[in-house]
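I have placed the structure first, in the form of structure tokens, so that the comments after it can refer back to it.
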Amino acid sequence: INEQYQQYRTVPLRASDESVTNILVVVDNITKRKQAEMDLKEKEESLNTAQKIAKIGSWEMDTTTKKLSWSKEMFDILEVSTDQEPTFELYYSRVHPDDLAFVQESGKNVLSDNEAIRAEYRLLTPSKKIKYVATEGQQHLDNKNNLIKLNGIVQDITVSKRAELELITAKEKAE
């Protein structure tokens, strides 16, 4: 059975003395719009699941409005409540102090260079837990080469980075 969605609107029809003489009911079939909304929601849920499994958060900034948006996994990686407004200042507050200058310089390079910038560095959570992340950011230009959008990803690579560091330490001890 195919579900149908309808939207009803009523409009009072008035006489010259403003009394209601009739009521006009307009019925719109909104099935296609509802199906598109459900499909979009399903795709968003699928993307959120994939990002959670891969531990990849994404971000985007409209350079005209300076509005920044983060995916749910981005909030989770940074251990930030989704109630908080995403800002670069908030992001930088989670970067390990020893890596902050490097991260800020990388951010400036994304703005000045028209190529993806890749970097690895540490985050320091409010609970003082150190996380390792791999990041990539890029810019998007309009047909006149004006910067219109920045976007990127942050991947939590803590497990693999710790294994790599342990391997290096074990190798150094063995030599």
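The values are calculated or read from the model by the stated rules, or taken from the named source; none is laboratory data. No experiment lies behind these values; they were computed from the predicted model shown. A quick note on method: Cβ atoms are made from the backbone with ideal geometry, for glycine too, and the neighbour counts reach across all protein chains shown. All accessible areas refer to the heavy atoms of the entire protein, side chains included, with ligands and DNA or RNA removed. Shrake-Rupley method; radii C 1.70, N 1.55, O 1.52, S 1.80 Å.
If you take the beta carbon distance between Gln4 and Lys41 as r and set R0 to 22 Å, what does 1/(1 + (r/R0)^6) give as a FRET efficiency, to the nearest 0.05?
Computed FRET efficiency for Gln4 and Lys41 comes out at 0.70.
For the Cα atoms of the chain, what angle does the longest principal axis make with the long axis of helix 31-54, in degrees from 0 to 90, nearest 10?
10 degrees
Using only DSSP helix segments of four residues or longer, with each worth -39500 (n - 2.57), what per-residue ellipticity at 222 nm results for the chain after dividing by its residue count and rounding to 500?
-12500 deg cm²/dmol
With each label point set 7 Å from Cα along the Cα-Cβ vector, what nm distance links Asn109 and Ser93?
2.7 nm
Based on the alpha-carbon set only, what is the convex hull volume of segment 20-69 divided per residue, in Å³?
Measuring per residue, one finds 152 Å³ for the Cα hull of segment 20-69.
Which residue, Asp17, Asp156, Asp113, tops the fluctuation ranking in a GNM of the chain built on C-alpha contacts under 10 Å?
The residue with the greatest mean-square fluctuation here is Asp17.
In whole Å, what are the extents of the chain along the principal axes defined by its C-alpha atoms, from largest to smallest?
96, 44, 33
Taking a ≥ b ≥ c as the square roots of the Cα gyration tensor eigenvalues, with a/c under 1.5 meaning rounded and otherwise prolate when a/b beats b/c, else oblate, which class fits segment 35-93?
Oblate, because a/c is 1.5 or more while a/b does not exceed b/c.
Largest first, please: the extent of the C-alpha atoms of segment 126-175 along each principal axis, to the nearest Å.
Ordered largest first, segment 126-175 gives principal extents of 57, 30, 12 Å.
Take every Cα pair under 8 Å in the chain that's 6+ residues apart, average their separations, divide by the length, and report that relative contact order as a whole percent.
Relative CO of the chain lands at 16 percent.
Report ³J(HN,Hα) in whole Hz for each residue of segment 153-165, in order, from the Karplus equation J = 6.51 cos²θ - 1.76 cosθ + 1.60 where θ = phi - 60°; Gly and Pro get x.
In residue order, the calculated couplings are 10, 9, 10, 6, 10, 4, 4, 5, 5, 5, 5, 4, 5 Hz.
Straight-line reach from Lys66: which lysines fall under 18 Å, measuring Cα to Cα and dropping same-chain residues less than 8 apart?
Within the straight-line cut-off, Lys66 pairs with Lys108, Lys149.
Net charge around Lys131, counting only other residues with Cβ within less than 12 Å of its Cβ (Lys, Arg = +1; Asp, Glu = -1)?
Within the 12 Å Cβ shell, the charges total +2.
Please give the per residue accessible area of segment 1-149, computed with a probe of 1.4 Å over protein heavy atoms only, in Å².
Accessible area per residue: 71 Å².
Please list, or write none, the lysines whose alpha carbon is within less than 25 Å of the alpha carbon of Lys161, excluding same-chain residues fewer than 8 places away.
Hits, sequence-local ones excluded: Lys52, Lys55, Lys72, Lys128, Lys129, Lys131, Lys171, Lys173.
Considering only C-alpha atoms, what is the centroid distance from segment 116-141 to segment 10-55, in Å?
With segment 116-141 and segment 10-55 each reduced to a Cα centre, they are spaced 39 Å.
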